[in-house]
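Shown next, in structure tokens, is the structure this report addresses.
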Amino acid sequence: MSAPADTAKYFAERVKPVEALDPKRVQRLLADLDRDEFAVREAASNALEGLDQQAIPYLEATLENTKSAEVFGRVKKILERRWGAAIPPEQLRQVRAVMVLERIGDGESKNLLKQWADGPAGALLTMEAAAALKRLEAVPNR
């Protein structure tokens, strides 16, 4: 890439904004954790593990409010794995893209960071882009 503008364009094409979770889907998956069929509980657990950080508030609220030992155990296991897990590769690429754009700090980079910062609350890309913008605003003449 020959110029910072090319870098912003490159990231805009390859790092897609995060989509908001469908709360109804998350609630359905959480309800499925207490179903009688083992396969349904397993599928729901796997699906919940695959969701990004936006799911954490739902999982934590379920952990606090459930009366089901099955749901409690499954949600606790999902959260423990998430807390101890490395950042998934796609999210690592997102964080690195934010770092590069922050370092460039030109108008195109800031515009892309603003676009990402307007994503769904709780998503890693949204939080990282918003933090980068805040740091850029704090630096005079940037």
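Give me the residue from the stretch 40-86 that is closer than 20 Å to residue 127 by Cα and of a type in the set (Gly, Ala, Ser) and, out of that set, farthest from the chain's Cα centre (by Cα).
Per the criteria, the residue is 84.
So which residues in the stretch 120-142 are in contact (Cβ under 8 Å) with a residue 40 or more places away in the chain and open to solvent by less than 60 Å² (accessible area, probe 1.4 Å), if there are any at all?
Selection gives 120, 122, 123, 124, 125, 126.
Inspect the stretch 108-119 for any residue being part of a helix (DSSP H, G or I), of a type in the set (Lys, Arg), without any contact (Cβ under 8 Å) to a residue 12 or more places away in the chain and within 27 Å of residue 130 (Cα to Cα) and give the result as yes or no.
Within the stretch 108-119 (the criterion being part of a helix (DSSP H, G or I), of a type in the set (Lys, Arg), without any contact (Cβ under 8 Å) to a residue 12 or more places away in the chain and within 27 Å of residue 130 (Cα to Cα)), the answer is no, since none of the residues qualifies.
Looking at 92, 101 in this structure, which one is open to solvent by less than 40 Å² (accessible area, probe 1.4 Å), in a helix (DSSP H, G or I), hydrophobic (A, V, I, L, M, F, W, C) and out of contact with any Cys (no Cβ under 9 Å at 6 or more places or on another chain)?
It is 101.
The values are calculated or read from the model by the stated rules, or taken from the named source; none is laboratory data. This structure is a prediction, so every number in the text was calculated from the model and none was measured. Neighbour counts run over all protein chains shown; Cβ positions are idealised from the backbone, glycine included. These accessible areas exclude ligands, DNA and RNA; they are computed on the full protein's heavy atoms, side chains included. Shrake-Rupley method; radii C 1.70, N 1.55, O 1.52, S 1.80 Å.
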